[in-house]
Amino acid sequence: MPTLGLELSDAGLMAALGPADGIHPQPVLVPDRPGTPDWPGYACSDGKTVTLGRAAEDLWFVHPRRIDLHFWARLGHDPSALQVNGKTLSSSELALMFLREFLARLEAVAGRPGRVVLAVPGAYLRDPTIEEERIGLLLGLAHELKLPLVAVVDAGLAALRDPRGPGCDPSLPVVLVDAGLTGADLSLLQPRAGRLARTAHLHLPQAGLAALRRQLTAALGNRFLRHTAFDILTDGRVEQAFFRQVHDFLQGDAPEQRFVIGTGARTYEMNAKREQLAADAPGAAAAMAQGLQDLLARRNGGPVPGTVALTDRAARIPGLEARLRAVTSARILRLPPQAAAVGAALLGQSAADAPADLAEVPVWTELDLATVTPIPAGSWRLRVARGGTGTPESAPTHLVLGGLAHPLPRQRRFTFGPPSAEPDLALPLPAGSPAWTLVQEGGRWCLSGAEEPGTPLTAGDRLELAIGEEKTELLLVRCLPPAVGPA
(Lines give C-alpha, C1' and ligand atoms only; values in the text may rest on other atoms or scores of the structure.)
Protein backbone atom coordinates (compact mmCIF):
# COMPACT_ATOMS: atom_id res chain seq x y z
CA MET A 1 0.00 0.00 0.00
CA PRO A 2 1.29 3.50 -0.78
CA THR A 3 2.59 5.83 1.92
CA LEU A 4 1.19 9.36 2.08
CA GLY A 5 3.26 12.27 3.35
CA LEU A 6 0.92 15.09 4.27
CA GLU A 7 2.25 18.53 5.16
CA LEU A 8 -0.12 20.59 7.26
CA SER A 9 0.61 24.23 6.45
CA ASP A 10 -1.89 27.06 6.35
CA ALA A 11 0.06 28.42 3.39
CA GLY A 12 -0.92 25.33 1.43
CA LEU A 13 -1.79 21.74 2.27
CA MET A 14 0.63 19.48 0.37
CA ALA A 15 0.87 15.77 -0.34
CA ALA A 16 3.43 13.29 -1.61
CA LEU A 17 2.89 9.63 -2.32
CA GLY A 18 5.47 6.86 -2.05
CA PRO A 19 4.65 3.50 -3.62
CA ALA A 20 5.16 0.32 -1.62
CA ASP A 21 8.05 -0.82 -3.84
CA GLY A 22 10.42 1.66 -2.23
CA ILE A 23 10.60 4.15 -5.10
CA HIS A 24 11.11 7.71 -3.86
CA PRO A 25 7.85 9.53 -3.12
CA GLN A 26 6.62 12.12 -5.58
CA PRO A 27 4.52 15.25 -4.97
CA VAL A 28 0.83 14.90 -5.79
CA LEU A 29 -1.20 17.82 -7.13
CA VAL A 30 -4.71 17.68 -5.70
CA PRO A 31 -7.29 19.81 -7.53
CA ASP A 32 -9.95 21.62 -5.55
CA ARG A 33 -13.50 22.27 -6.73
CA PRO A 34 -12.52 24.95 -9.29
CA GLY A 35 -9.74 22.64 -10.49
CA THR A 36 -6.76 24.57 -9.12
CA PRO A 37 -4.11 22.58 -7.20
CA ASP A 38 -3.71 25.22 -4.45
CA TRP A 39 -5.02 24.47 -0.95
CA PRO A 40 -4.23 27.57 1.16
CA GLY A 41 -5.85 27.68 4.59
CA TYR A 42 -8.77 29.98 3.79
CA ALA A 43 -12.40 29.32 4.64
CA CYS A 44 -15.35 31.45 3.54
CA SER A 45 -18.94 31.13 4.75
CA ASP A 46 -22.04 32.74 3.24
CA GLY A 47 -24.09 31.56 6.23
CA LYS A 48 -25.24 28.38 4.50
CA THR A 49 -22.18 26.73 3.00
CA VAL A 50 -18.42 26.88 3.52
CA THR A 51 -15.97 27.35 0.66
CA LEU A 52 -12.39 26.22 1.25
CA GLY A 53 -8.90 26.64 -0.19
CA ARG A 54 -8.14 28.63 -3.32
CA ALA A 55 -11.82 29.35 -3.97
CA ALA A 56 -12.07 30.98 -0.53
CA GLU A 57 -8.81 32.88 -1.03
CA ASP A 58 -10.29 34.33 -4.22
CA LEU A 59 -13.00 35.94 -2.08
CA TRP A 60 -10.68 37.47 0.52
CA PHE A 61 -10.89 41.08 -0.71
CA VAL A 62 -14.46 40.70 -1.99
CA HIS A 63 -16.01 39.49 1.30
CA PRO A 64 -13.32 40.01 3.97
CA ARG A 65 -15.73 39.56 6.90
CA ARG A 66 -16.72 36.12 5.68
CA ILE A 67 -13.14 34.82 5.64
CA ASP A 68 -11.22 32.88 8.28
CA LEU A 69 -7.54 32.20 7.60
CA HIS A 70 -6.47 31.44 11.18
CA PHE A 71 -8.14 28.08 11.81
CA TRP A 72 -4.99 26.01 11.27
CA ALA A 73 -2.86 28.35 13.42
CA ARG A 74 -5.51 28.41 16.18
CA LEU A 75 -6.47 24.75 15.88
CA GLY A 76 -8.72 24.16 18.89
CA HIS A 77 -12.29 24.18 20.15
CA ASP A 78 -12.59 27.96 20.43
CA PRO A 79 -15.14 29.54 18.07
CA SER A 80 -14.03 30.91 14.71
CA ALA A 81 -15.48 33.97 13.00
CA LEU A 82 -17.67 31.84 10.70
CA GLN A 83 -21.20 30.50 11.06
CA VAL A 84 -23.33 28.03 9.11
CA ASN A 85 -27.11 28.02 9.60
CA GLY A 86 -26.70 30.07 12.75
CA LYS A 87 -24.11 27.74 14.30
CA THR A 88 -20.64 29.08 15.02
CA LEU A 89 -17.90 26.79 13.77
CA SER A 90 -14.77 26.09 15.77
CA SER A 91 -11.34 26.14 14.17
CA SER A 92 -11.07 22.36 14.58
CA GLU A 93 -14.38 21.92 12.71
CA LEU A 94 -13.06 24.04 9.84
CA ALA A 95 -9.84 22.01 9.84
CA LEU A 96 -11.87 18.79 9.68
CA MET A 97 -13.93 20.08 6.74
CA PHE A 98 -10.78 21.25 4.99
CA LEU A 99 -8.92 17.98 5.50
CA ARG A 100 -11.93 15.84 4.57
CA GLU A 101 -12.36 17.63 1.23
CA PHE A 102 -8.65 17.47 0.47
CA LEU A 103 -8.42 13.74 1.20
CA ALA A 104 -11.52 12.96 -0.84
CA ARG A 105 -10.02 14.68 -3.86
CA LEU A 106 -6.64 13.09 -3.21
CA GLU A 107 -8.21 9.63 -3.18
CA ALA A 108 -9.83 10.35 -6.53
CA VAL A 109 -6.42 10.95 -8.16
CA ALA A 110 -4.07 8.74 -6.11
CA GLY A 111 -6.12 6.11 -4.32
CA ARG A 112 -6.35 5.36 -0.62
CA PRO A 113 -2.99 5.32 1.21
CA GLY A 114 -1.93 2.39 3.36
CA ARG A 115 -0.10 4.58 5.86
CA VAL A 116 0.13 8.29 6.56
CA VAL A 117 2.79 10.53 8.12
CA LEU A 118 1.75 14.07 9.09
CA ALA A 119 4.41 16.77 8.85
CA VAL A 120 3.28 19.56 11.17
CA PRO A 121 4.41 23.18 11.56
CA GLY A 122 7.14 23.86 14.08
CA ALA A 123 4.72 26.09 16.00
CA TYR A 124 2.63 22.99 16.89
CA LEU A 125 5.58 21.56 18.82
CA ARG A 126 7.08 24.68 20.36
CA ASP A 127 6.24 23.78 23.98
CA PRO A 128 4.70 20.75 25.79
CA THR A 129 1.34 22.40 26.43
CA ILE A 130 0.75 23.46 22.83
CA GLU A 131 2.11 20.15 21.54
CA GLU A 132 -0.30 18.14 23.70
CA GLU A 133 -3.28 20.21 22.57
CA ARG A 134 -2.42 20.38 18.85
CA ILE A 135 -1.32 16.77 18.47
CA GLY A 136 -4.34 15.57 20.43
CA LEU A 137 -6.66 17.42 18.06
CA LEU A 138 -4.81 16.09 15.01
CA LEU A 139 -5.17 12.55 16.32
CA GLY A 140 -8.88 13.23 16.74
CA LEU A 141 -9.10 14.39 13.11
CA ALA A 142 -7.20 11.30 11.98
CA HIS A 143 -9.65 9.10 13.89
CA GLU A 144 -12.66 10.88 12.40
CA LEU A 145 -11.27 10.51 8.87
CA LYS A 146 -10.03 6.94 9.46
CA LEU A 147 -6.46 7.82 8.48
CA PRO A 148 -3.90 5.01 8.89
CA LEU A 149 -1.58 7.36 10.78
CA VAL A 150 1.87 5.93 11.56
CA ALA A 151 3.70 9.06 12.79
CA VAL A 152 3.69 12.82 13.25
CA VAL A 153 6.94 14.61 12.39
CA ASP A 154 8.29 18.13 12.66
CA ALA A 155 7.97 19.55 9.14
CA GLY A 156 11.49 21.02 9.25
CA LEU A 157 13.05 17.65 9.94
CA ALA A 158 10.93 16.02 7.24
CA ALA A 159 12.00 18.63 4.69
CA LEU A 160 15.68 17.78 5.26
CA ARG A 161 14.88 14.15 4.34
CA ASP A 162 13.72 15.04 0.82
CA PRO A 163 16.24 13.43 -1.59
CA ARG A 164 15.52 16.15 -4.19
CA GLY A 165 17.10 18.78 -1.93
CA PRO A 166 20.63 20.21 -2.18
CA GLY A 167 21.68 18.38 0.98
CA CYS A 168 23.29 19.68 4.15
CA ASP A 169 25.89 18.75 6.74
CA PRO A 170 23.96 17.36 9.74
CA SER A 171 27.12 17.22 11.87
CA LEU A 172 26.67 20.99 12.35
CA PRO A 173 23.50 22.76 13.55
CA VAL A 174 20.84 23.54 10.96
CA VAL A 175 18.28 26.34 11.12
CA LEU A 176 15.07 25.65 9.20
CA VAL A 177 13.16 28.77 8.12
CA ASP A 178 9.54 28.41 7.04
CA ALA A 179 6.70 30.84 6.35
CA GLY A 180 2.99 30.25 6.76
CA LEU A 181 -0.04 32.43 6.17
CA THR A 182 -0.19 33.76 9.72
CA GLY A 183 3.45 33.65 10.83
CA ALA A 184 6.97 32.39 10.24
CA ASP A 185 8.76 29.58 12.07
CA LEU A 186 12.48 29.19 12.75
CA SER A 187 13.65 25.86 14.17
CA LEU A 188 17.15 25.12 15.45
CA LEU A 189 18.18 21.51 14.79
CA GLN A 190 21.36 20.26 16.45
CA PRO A 191 23.29 16.98 16.29
CA ARG A 192 23.12 14.96 19.52
CA ALA A 193 24.28 11.37 20.01
CA GLY A 194 24.01 10.49 16.33
CA ARG A 195 20.68 12.23 15.82
CA LEU A 196 19.57 15.61 14.53
CA ALA A 197 17.25 16.97 17.21
CA ARG A 198 15.05 20.02 17.38
CA THR A 199 16.34 22.07 20.32
CA ALA A 200 14.83 25.55 19.95
CA HIS A 201 12.01 27.21 18.06
CA LEU A 202 10.86 30.75 17.38
CA HIS A 203 7.45 31.73 16.03
CA LEU A 204 7.11 35.16 14.38
CA PRO A 205 3.43 36.09 13.98
CA GLN A 206 4.37 39.40 12.32
CA ALA A 207 6.09 37.65 9.39
CA GLY A 208 3.17 35.76 7.84
CA LEU A 209 2.59 35.49 4.10
CA ALA A 210 -0.98 36.81 4.28
CA ALA A 211 0.14 40.11 5.81
CA LEU A 212 3.06 40.31 3.37
CA ARG A 213 0.82 39.80 0.34
CA ARG A 214 -1.72 42.32 1.62
CA GLN A 215 1.04 44.88 2.19
CA LEU A 216 2.46 44.30 -1.29
CA THR A 217 -1.00 44.60 -2.80
CA ALA A 218 -1.42 47.98 -1.12
CA ALA A 219 2.07 49.21 -2.09
CA LEU A 220 1.80 48.09 -5.70
CA GLY A 221 -1.78 49.34 -5.83
CA ASN A 222 -0.59 52.82 -4.83
CA ARG A 223 2.07 52.65 -7.53
CA PHE A 224 -0.59 51.51 -10.00
CA LEU A 225 -2.71 54.53 -9.04
CA ARG A 226 0.19 56.94 -9.62
CA HIS A 227 1.06 55.26 -12.92
CA THR A 228 -2.45 54.88 -14.39
CA ALA A 229 -4.67 57.22 -12.32
CA PHE A 230 -6.87 54.17 -11.61
CA ASP A 231 -7.59 53.16 -8.02
CA ILE A 232 -7.89 49.40 -7.47
CA LEU A 233 -9.69 50.07 -4.16
CA THR A 234 -12.82 51.26 -5.99
CA ASP A 235 -14.18 47.71 -6.03
CA GLY A 236 -13.40 44.62 -3.97
CA ARG A 237 -13.41 42.39 -7.06
CA VAL A 238 -10.87 44.62 -8.77
CA GLU A 239 -8.68 44.59 -5.66
CA GLN A 240 -9.00 40.79 -5.56
CA ALA A 241 -7.91 40.52 -9.20
CA PHE A 242 -4.92 42.74 -8.45
CA PHE A 243 -4.08 40.66 -5.36
CA ARG A 244 -4.07 37.49 -7.47
CA GLN A 245 -1.52 39.06 -9.83
CA VAL A 246 0.64 40.09 -6.85
CA HIS A 247 0.35 36.55 -5.43
CA ASP A 248 1.31 34.93 -8.74
CA PHE A 249 4.28 37.31 -9.12
CA LEU A 250 5.58 36.26 -5.71
CA GLN A 251 5.08 32.60 -6.47
CA GLY A 252 6.80 32.76 -9.85
CA ASP A 253 10.38 33.35 -10.90
CA ALA A 254 9.90 36.01 -13.58
CA PRO A 255 12.09 39.11 -13.06
CA GLU A 256 9.15 41.42 -13.76
CA GLN A 257 5.37 41.40 -13.95
CA ARG A 258 2.89 43.30 -16.09
CA PHE A 259 -0.16 44.16 -13.99
CA VAL A 260 -3.30 44.45 -16.08
CA ILE A 261 -6.74 45.59 -14.90
CA GLY A 262 -9.61 45.84 -17.37
CA THR A 263 -12.85 47.70 -16.66
CA GLY A 264 -14.68 46.89 -19.88
CA ALA A 265 -14.30 50.42 -21.12
CA ARG A 266 -10.53 50.58 -20.72
CA THR A 267 -7.49 48.51 -19.81
CA TYR A 268 -4.85 49.79 -17.36
CA GLU A 269 -1.32 48.39 -17.28
CA MET A 270 1.86 48.77 -15.24
CA ASN A 271 5.20 46.95 -15.15
CA ALA A 272 6.88 46.06 -11.84
CA LYS A 273 10.30 44.55 -11.22
CA ARG A 274 11.06 41.88 -8.66
CA GLU A 275 13.87 43.83 -7.02
CA GLN A 276 11.34 46.53 -6.06
CA LEU A 277 9.38 44.14 -3.86
CA ALA A 278 11.96 44.03 -1.06
CA ALA A 279 11.65 47.80 -0.61
CA ASP A 280 7.83 47.70 -0.83
CA ALA A 281 7.46 45.25 2.06
CA PRO A 282 10.65 44.91 4.11
CA GLY A 283 9.00 43.96 7.40
CA ALA A 284 8.80 40.16 7.03
CA ALA A 285 12.42 39.76 5.90
CA ALA A 286 13.69 42.08 8.63
CA ALA A 287 11.72 40.23 11.33
CA MET A 288 13.04 36.86 10.18
CA ALA A 289 16.65 38.06 10.08
CA GLN A 290 16.30 39.41 13.60
CA GLY A 291 14.62 36.17 14.60
CA LEU A 292 17.58 34.19 13.31
CA GLN A 293 19.93 36.28 15.44
CA ASP A 294 17.70 35.79 18.50
CA LEU A 295 17.48 32.04 17.92
CA LEU A 296 21.24 31.66 17.53
CA ALA A 297 21.77 33.59 20.75
CA ARG A 298 20.22 30.60 22.56
CA ARG A 299 23.00 28.22 21.52
CA ASN A 300 24.87 28.80 24.81
CA GLY A 301 28.24 28.95 23.09
CA GLY A 302 27.69 25.84 20.95
CA PRO A 303 28.90 25.48 17.35
CA VAL A 304 27.59 27.93 14.80
CA PRO A 305 25.11 26.59 12.23
CA GLY A 306 26.54 25.13 9.07
CA THR A 307 23.28 25.56 7.16
CA VAL A 308 20.25 27.83 7.07
CA ALA A 309 17.61 25.98 5.04
CA LEU A 310 14.72 27.96 3.56
CA THR A 311 11.51 26.28 2.52
CA ASP A 312 10.35 27.20 -0.96
CA ARG A 313 7.69 29.46 0.59
CA ALA A 314 10.18 31.32 2.75
CA ALA A 315 12.73 31.66 -0.06
CA ARG A 316 10.18 33.67 -2.07
CA ILE A 317 9.92 36.42 0.56
CA PRO A 318 11.48 39.49 -1.11
CA GLY A 319 14.87 40.43 0.30
CA LEU A 320 15.00 37.59 2.85
CA GLU A 321 18.09 35.80 1.59
CA ALA A 322 20.11 39.03 1.42
CA ARG A 323 19.16 39.94 4.99
CA LEU A 324 20.05 36.47 6.26
CA ARG A 325 23.45 36.60 4.57
CA ALA A 326 24.10 39.86 6.42
CA VAL A 327 23.68 38.17 9.82
CA THR A 328 25.17 34.69 9.30
CA SER A 329 28.09 33.09 7.48
CA ALA A 330 26.25 29.75 7.26
CA ARG A 331 25.50 28.15 3.92
CA ILE A 332 22.01 29.25 2.87
CA LEU A 333 20.09 26.79 0.75
CA ARG A 334 16.62 26.59 -0.74
CA LEU A 335 14.58 23.44 -0.32
CA PRO A 336 12.38 22.10 -3.14
CA PRO A 337 8.63 22.73 -3.16
CA GLN A 338 6.68 20.19 -1.07
CA ALA A 339 9.92 19.03 0.60
CA ALA A 340 8.24 18.26 3.94
CA ALA A 341 5.54 16.15 2.26
CA VAL A 342 8.11 14.15 0.27
CA GLY A 343 10.34 13.70 3.33
CA ALA A 344 7.40 12.60 5.47
CA ALA A 345 6.34 10.00 2.89
CA LEU A 346 9.89 8.68 2.70
CA LEU A 347 10.13 8.40 6.48
CA GLY A 348 6.81 6.62 6.57
CA GLN A 349 7.95 3.90 4.17
CA SER A 350 10.23 2.44 6.83
CA ALA A 351 8.01 3.16 9.84
CA ALA A 352 6.03 0.59 11.78
CA ASP A 353 2.42 -0.01 10.84
CA ALA A 354 -0.29 2.20 12.23
CA PRO A 355 -0.99 1.34 15.88
CA ALA A 356 -4.45 0.21 16.86
CA ASP A 357 -4.58 3.01 19.43
CA LEU A 358 -3.92 6.46 17.93
CA ALA A 359 -2.58 7.61 21.30
CA GLU A 360 0.47 5.46 20.55
CA VAL A 361 1.33 7.28 17.31
CA PRO A 362 4.92 8.57 17.74
CA VAL A 363 5.83 12.24 17.41
CA TRP A 364 9.28 12.62 15.84
CA THR A 365 11.29 15.68 16.83
CA GLU A 366 14.65 14.12 15.95
CA LEU A 367 16.06 11.95 13.16
CA ASP A 368 19.11 9.75 12.68
CA LEU A 369 21.89 11.80 11.09
CA ALA A 370 22.19 9.14 8.40
CA THR A 371 18.63 9.82 7.19
CA VAL A 372 19.29 13.52 6.47
CA THR A 373 19.94 14.11 2.78
CA PRO A 374 23.70 14.77 2.44
CA ILE A 375 25.44 17.09 0.03
CA PRO A 376 25.92 15.00 -3.14
CA ALA A 377 29.46 13.89 -3.90
CA GLY A 378 31.11 16.04 -6.52
CA SER A 379 28.84 19.04 -5.87
CA TRP A 380 31.74 21.35 -5.06
CA ARG A 381 33.52 22.93 -8.02
CA LEU A 382 36.93 24.63 -7.88
CA ARG A 383 37.85 27.17 -10.53
CA VAL A 384 41.02 29.20 -10.95
CA ALA A 385 40.22 32.79 -11.93
CA ARG A 386 43.33 34.28 -13.42
CA GLY A 387 44.20 37.80 -12.37
CA GLY A 388 47.97 37.78 -11.89
CA THR A 389 50.80 38.69 -14.27
CA GLY A 390 52.15 35.15 -14.59
CA THR A 391 55.76 36.23 -14.05
CA PRO A 392 58.09 34.43 -11.61
CA GLU A 393 58.41 37.64 -9.61
CA SER A 394 54.68 37.44 -8.76
CA ALA A 395 54.79 34.05 -7.04
CA PRO A 396 52.27 34.12 -4.16
CA THR A 397 53.33 34.05 -0.54
CA HIS A 398 49.91 34.11 1.17
CA LEU A 399 46.37 32.83 0.74
CA VAL A 400 43.65 35.27 1.82
CA LEU A 401 40.32 34.01 3.23
CA GLY A 402 37.75 36.42 4.59
CA GLY A 403 40.26 39.27 4.76
CA LEU A 404 42.86 37.27 6.71
CA ALA A 405 46.16 36.33 5.04
CA HIS A 406 47.54 32.84 5.70
CA PRO A 407 51.22 32.31 4.78
CA LEU A 408 52.13 29.58 2.33
CA PRO A 409 54.74 27.42 4.08
CA ARG A 410 58.17 26.39 2.91
CA GLN A 411 57.19 22.74 2.55
CA ARG A 412 56.11 21.48 -0.82
CA ARG A 413 52.41 20.87 -0.05
CA PHE A 414 49.57 22.94 1.41
CA THR A 415 45.99 21.66 1.83
CA PHE A 416 42.72 23.51 2.29
CA GLY A 417 39.22 22.15 2.83
CA PRO A 418 36.62 21.32 5.52
CA PRO A 419 37.70 20.98 9.16
CA SER A 420 36.89 17.25 9.03
CA ALA A 421 39.78 16.74 6.58
CA GLU A 422 42.25 18.34 9.05
CA PRO A 423 43.76 20.59 6.36
CA ASP A 424 46.44 23.25 6.75
CA LEU A 425 43.71 25.86 6.18
CA ALA A 426 40.20 25.01 7.34
CA LEU A 427 37.36 26.45 5.25
CA PRO A 428 33.72 26.89 6.35
CA LEU A 429 32.66 23.80 4.38
CA PRO A 430 30.51 20.90 5.54
CA ALA A 431 31.95 17.53 6.48
CA GLY A 432 32.36 15.27 3.47
CA SER A 433 33.36 18.14 1.20
CA PRO A 434 36.61 17.55 -0.69
CA ALA A 435 39.98 18.99 0.27
CA TRP A 436 42.38 20.48 -2.26
CA THR A 437 46.16 20.64 -2.37
CA LEU A 438 48.66 23.23 -3.54
CA VAL A 439 52.04 21.77 -4.53
CA GLN A 440 55.33 23.58 -5.01
CA GLU A 441 57.17 22.85 -8.22
CA GLY A 442 60.40 24.65 -9.05
CA GLY A 443 59.69 27.39 -6.55
CA ARG A 444 56.18 28.00 -7.99
CA TRP A 445 52.83 26.99 -6.51
CA CYS A 446 50.41 24.90 -8.61
CA LEU A 447 46.99 23.44 -7.87
CA SER A 448 46.99 19.66 -7.82
CA GLY A 449 44.37 18.25 -10.17
CA ALA A 450 43.52 21.66 -11.64
CA GLU A 451 41.91 22.23 -15.03
CA GLU A 452 45.37 23.22 -16.29
CA PRO A 453 47.74 20.96 -14.31
CA GLY A 454 51.16 22.35 -13.76
CA THR A 455 50.18 25.94 -14.59
CA PRO A 456 51.78 28.16 -11.93
CA LEU A 457 49.57 30.30 -9.73
CA THR A 458 50.52 33.93 -9.34
CA ALA A 459 49.58 36.77 -7.04
CA GLY A 460 46.20 38.14 -8.10
CA ASP A 461 44.73 34.75 -9.03
CA ARG A 462 41.62 33.60 -7.19
CA LEU A 463 40.50 30.12 -6.23
CA GLU A 464 36.70 30.04 -6.48
CA LEU A 465 34.83 27.20 -4.72
CA ALA A 466 31.14 26.86 -5.49
CA ILE A 467 28.26 24.58 -4.70
CA GLY A 468 25.05 25.75 -6.34
CA GLU A 469 24.77 29.46 -5.54
CA GLU A 470 27.12 29.24 -2.55
CA LYS A 471 30.67 30.46 -3.11
CA THR A 472 33.90 30.66 -1.14
CA GLU A 473 36.81 32.62 -2.58
CA LEU A 474 40.52 32.46 -1.80
CA LEU A 475 42.83 35.18 -3.06
CA LEU A 476 46.50 34.59 -3.77
CA VAL A 477 48.73 37.55 -2.85
CA ARG A 478 52.41 38.32 -2.60
CA CYS A 479 53.62 40.15 0.50
CA LEU A 480 56.88 42.00 0.10
CA PRO A 481 59.50 41.73 2.86
CA PRO A 482 59.71 44.79 5.10
CA ALA A 483 62.07 47.48 3.87
CA VAL A 484 65.29 47.84 5.81
CA GLY A 485 65.73 51.45 6.98
CA PRO A 486 69.05 53.32 7.39
CA ALA A 487 71.17 52.32 10.30
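The values are calculated or read from the model by the stated rules, or taken from the named source; none is laboratory data. All values reported here derive from a predicted model rather than from experimental measurement. When we count neighbours, we look across all protein chains shown, and the Cβ atoms used for this are built from the backbone with ideal geometry, even at glycine.
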Any chance the stretch 63-74 includes a residue that's more than 30 Å from ILE130 (Cα to Cα) and not aliphatic (A, V, I, L, M)? yes
Just one listed residue, out of ALA95, ALA104, is in contact with a Phe, Trp or Tyr (Cβ under 6 Å, 6 or more places away or on another chain), under 22 Å from GLY53 (Cα atoms) and either aliphatic (A, V, I, L, M) or not in a strand (DSSP E or B) (or both), and it is ALA95
The stretch 322-341, residues that are over 19 Å from ASP248 (Cα atoms), modelled with pLDDT of 90 or more and buried (at least 24 other Cβ atoms within 10 Å of the Cβ): LEU335, ALA339, ALA340, ALA341
For the structure I just gave you, tell me whether ALA352 is under 30 Å from ASP127 (Cα atoms) and of a type in the set (Gly, Ala, Ser). yes
In the stretch 63-81, is there at least one residue being surrounded by 15 or more Cβ atoms within 10 Å (Cβ to Cβ), among the basic types (Lys, Arg) and more than 28 Å from ALA159 (Cβ to Cβ)? yes
If you check ASP235 against the conditions, is it over 30 Å from PRO337 (Cβ atoms) and touching a Gly at 6+ places or on another chain (Cβ under 9 Å)? no
